[in-house]
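Heads up: the structure comes next, in structure tokens.
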Ligand code: MRU
């Protein structure tokens, strides 16, 4: 078995070590990536996935490009392009490759230091989002001592290196003793909710139940959840948010039921250069993912399928956007342009004085 570093995504002896998310929950397998084509393939098949995690993977991929091609030239440029284009929707990937690649001229060590700095920033951001988000949930659900939180896809440590985005909020509520239960959506077609979120919730010891995706809105209408928490792959300047397919339906259901719908994402996922949701590229994935479940056919042979991996939730369905540096209350007329960046927060347990 490959060695896993101090962090779930790490640079060890000239290669990237990371958990292969496609193997979970059956196997916790660490894979080693030593070339850019292998990194691009790992990102495309979702061995590493989740907006912040693919940003870090892309940044470490730049180090792999230097090892193979030196610090400049057509092969290096091609490798960088293939990394930034491996998946189009999460802004973190292209953004972090673009942050690190210009440092190539300063050498491998400088590039690695920057890539690992990005990773550490994401870890700190996940702690901060958990704190801000848990405070907001407690405020919005003030009639109950404990909150029932519905979530989609996987937004935990696997997707972000540690703790997560929406799942960091759920973890923080759980640690504070204010989580009644998490309701995780299965998340067809690739079952990130069933395979990964249920696994992470079990590991953190949080009470949880799994739902088929189509049960979500009925349960919201029956008021069996107090809040919906989702991550984001890109938040546009007007607050429109791209996230896993099914998120838009969930937002509509939450609006119908009068349940707060909160997007949790680090500032690294906020893209002020993209004006609105229509301008966010949506990844279309292979039809085979829809006509099968874990490699077993579920539809007649030759059935064609549509497979958009993400959808756009319009900002007017979003109660608030929680980042690592601020809470933007869209329901109160705030916007990403009007709310200034605040401070990173630390867990109370880590730093009682703050
Ligand atoms: O296709 P995936 O599994 O990479 O999709 C991931 C999501 O939609 C997450 O919600 C998003 O990246 C935020 S994770 C912190």
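The values are calculated or read from the model by the stated rules, or taken from the named source; none is laboratory data. Worth saying up front: this structure is predicted, and the values here are computed from it rather than measured. A quick note on method: Cβ atoms are made from the backbone with ideal geometry, for glycine too, and the neighbour counts reach across all protein chains shown.
Once region 133-155 is narrowed to residues that are under 17 Å from residue 321 (Cα atoms) and within 13 Å of the ligand (Cβ to nearest atom), the residue that is surrounded by the most Cβ atoms within 10 Å (Cβ to Cβ) is 155. The test for being more than 14 Å from the ligand (Cβ to nearest atom), surrounded by fewer than 17 Cβ atoms within 10 Å (Cβ to Cβ), assigned by TED's automatic domain parsing to the domain that holds residue 170 and part of a helix (DSSP H, G or I) holds for residue 288. Could you list all residues from region 235-268 that are part of a loop (DSSP other than H, G, I, E, B), farther than 22 Å from residue 127 by Cα, within 10 Å of the ligand (Cβ to nearest atom) and in contact with a strand residue (DSSP E or B) (Cβ under 6 Å, 6 or more places away or on another chain)? Answer for region 235-268, where residues must be part of a loop (DSSP other than H, G, I, E, B), farther than 22 Å from residue 127 by Cα, within 10 Å of the ligand (Cβ to nearest atom) and in contact with a strand residue (DSSP E or B) (Cβ under 6 Å, 6 or more places away or on another chain): just 245.
To keep it simple, each residue is scored yes or no on (1) under 15 Å from the mean Cα position of the chain (by Cα); (2) not in a loop (DSSP other than H, G, I, E, B).
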site	(1), (2)
123	yes, yes
137	no, yes
145	no, no
158	yes, yes
163	yes, no
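Somewhere in region 44-61, is a residue touching a strand residue (DSSP E or B) at 6+ places or on another chain (Cβ under 8 Å) and either on the phi > 0 side of the Ramachandran plot or outside any helix (DSSP H, G or I) (or both)? Yes, region 44-61 contains at least one residue that is touching a strand residue (DSSP E or B) at 6+ places or on another chain (Cβ under 8 Å) and either on the phi > 0 side of the Ramachandran plot or outside any helix (DSSP H, G or I) (or both). Examine region 68-84 for a residue that is surrounded by fewer than 17 Cβ atoms within 10 Å (Cβ to Cβ), over 18 Å from residue 115 (Cα atoms), under 22 Å from the mean Cα position of the chain (by Cα) and in the same structural domain as residue 106 (by TED's automatic domain parsing), and state whether such a residue exists. No. Test residue 116 against the stated conditions and say whether it is within 30 Å of residue 171 (Cβ to Cβ), more than 16 Å from the ligand (Cβ to nearest atom) and surrounded by fewer than 19 Cβ atoms within 10 Å (Cβ to Cβ). The answer is yes for residue 116. You will find that of 41, 94, the residue that is within 16 Å of the ligand (Cβ to nearest atom), free of Cβ contacts under 8 Å to residues at least 12 places away in the same chain, out of contact with any strand residue (DSSP E or B) (no Cβ under 8 Å at 6 or more places or on another chain) and assigned to a helix (DSSP H, G or I) is 41 and no other. Residues of region 234-262 that are touching a helix residue (DSSP H, G or I) at 6+ places or on another chain (Cβ under 8 Å) and under 26 Å from residue 343 (Cβ atoms): 234, 235, 236, 238, 239, 241, 260, 261, 262.
Note on region 298-331: residues that are in contact with a helix residue (DSSP H, G or I) (Cβ under 7 Å, 6 or more places away or on another chain) and part of a strand (DSSP E or B) total 7.
Criterion applied to 9, 103, 46, 24 was being over 23 Å from the mean Cα position of the chain (by Cα) and surrounded by 14 or more Cβ atoms within 10 Å (Cβ to Cβ), and the one residue passing it is 103.
For residue 159, the test of being within 14 Å of the ligand (Cβ to nearest atom), under 21 Å from residue 241 (Cα atoms) and outside the structural domain of residue 16 (by TED's automatic domain parsing) is passed.
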